[in-house]
Amino acid sequence: MRKIYVIGIGAGDPDHLTIQAVKALNRTDVFFLLDKGAEKSDLIRLRHDILHEHIRHDRGYRLVEARDPERDRRAGGADYSPAVDDWRRARADIYERMLTEDLGDDECGAFLVWGDPALYDSTLGILEEILERGSVAFTYEVIPGISSVSALVARHRTGLNRVAGPVQITTGRRLAEGWPQGVDDVVVMLDAHQSFRHHMDKDPVIHWGAYVGTEDEILVSGRLSEVAGQIEELRSEARNRKGWIMDTYLLRRDRDQSD
């Protein structure tokens, strides 16, 4: 039976890997990597760095790379979910082919997932879809990783929540629709449009970070009214320079503004 590890590799620092993850790396025969194009070649390089840093045996391993399918990022509103579904099916086709053609019946393969596989990542859902298709049989194990959320608050030396208070993790798309009810602390991921701008009236504290855990890391913290422009400028410059950006932020409003 084929065995798959879904390994959370942290937010970019090879030291983010847990001992459990390192042990799984050293049991793996084949690593599956998705090439996202020249602009995001850093993401492939960082995965190679992780393998070089942590694999200790000399029996060898194989790398299987495939081009990641493009997603229609222009889709919005009612078209957003169908566009994501199409992209996930295209990814599932690629994963299914790799598992069938490049992994032996008694071998162990691994997907190296940025951050944590359980937080805003599609790998687990795609593997379940492949199993439902019934064309290839395998078991899989999930190895948790340090998410960009955990790395962000650690770098800002703050907690994710306050005493007896909840925290919500959401997307930029959702934040643009309104501040989540019943929470004062909101973590925002996948925000391509700086949706914090919709909440300048609340003037929360923002803890923002881009490329957290990498040599390109950028951190900004302060009242939104004071640092929003700086964040937008830094974000635009970094994206133009590298061709891509991954950023996350925590918004913390005053408790007397609660719903």
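The values are calculated or read from the model by the stated rules, or taken from the named source; none is laboratory data. Just so you know, these numbers come straight off a predicted model, no measurement behind them. Virtual Cβ from ideal backbone geometry, glycine too; neighbours counted across all protein chains shown.
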Residue list for the stretch 189-239, restricted to those being closer than 27 Å to PRO14 by Cβ and of a type in the set (S, T, N, Q): THR214, SER221
Total residues in the stretch 1-38, condition touching an Asp or Glu at 6+ places or on another chain (Cβ under 8 Å) and basic (Lys, Arg): 3
Any residue in the stretch 131-154 that is over 28 Å from VAL188 (Cα atoms) sitting within a Cβ distance under 7 Å of a residue that is modelled with pLDDT under 95? List the pairs, counting only those 6 or more apart or interchain. ALA137/MET1; PHE138/MET1; THR139/MET1
What number of residues within the stretch 101-141 are exposed (fewer than 13 other Cβ atoms within 10 Å of the Cβ) and of a type outside the set (S, T, N, Q)? 10
Would you kindly identify the helices (runs of 4 or more DSSP H) lying entirely within the stretch 137-248 that contain at least 1 residues that are over 21 Å from the mean Cα position of the chain (by Cα) and not assigned by TED's automatic domain parsing to the domain that holds MET98? 172-177, 224-242
Let me confirm something: among ALA164, ALA176, ALA154, which residue is surrounded by fewer than 17 Cβ atoms within 10 Å (Cβ to Cβ) and in contact with a helix residue (DSSP H, G or I) (Cβ under 9 Å, 6 or more places away or on another chain)? ALA176
Those residues of the stretch 25-41 that are surrounded by fewer than 19 Cβ atoms within 10 Å (Cβ to Cβ) and either assigned to a helix (DSSP H, G or I) or not assigned by TED's automatic domain parsing to the domain that holds LEU112 (or both) come to a total of 4
Taking ASP216, is it buried (at least 20 other Cβ atoms within 10 Å of the Cβ) and acidic (Asp, Glu)? no
For the stretch 219-259, give me each residue that is without any contact (Cβ under 8 Å) to a residue 24 or more places away in the chain, surrounded by 14 or more Cβ atoms within 10 Å (Cβ to Cβ) and closer than 21 Å to ILE169 by Cα. VAL220, GLY222
Of the conditions (1) touching a strand residue (DSSP E or B) at 6+ places or on another chain (Cβ under 9 Å); (2) without any contact (Cβ under 8 Å) to a residue 60 or more places away in the chain, MET200 fails just one. Which one is it? (1)
Which ones in the stretch 15-35 are in contact with a Phe, Trp or Tyr (Cβ under 7 Å, 6 or more places away or on another chain), hydrophobic (A, V, I, L, M, F, W, C) and farther than 17 Å from ARG97 by Cβ? ALA24
Being touching a residue at least 40 places away in the same chain (Cβ under 8 Å) and either of a type in the set (Gly, Ala, Ser) or in a helix (DSSP H, G or I) (or both) is the filter here; which residues of the stretch 93-117 pass it? ILE94, TYR95, GLU96, MET98, LEU99, ASP102, GLY104, GLY109, ALA110, GLY115
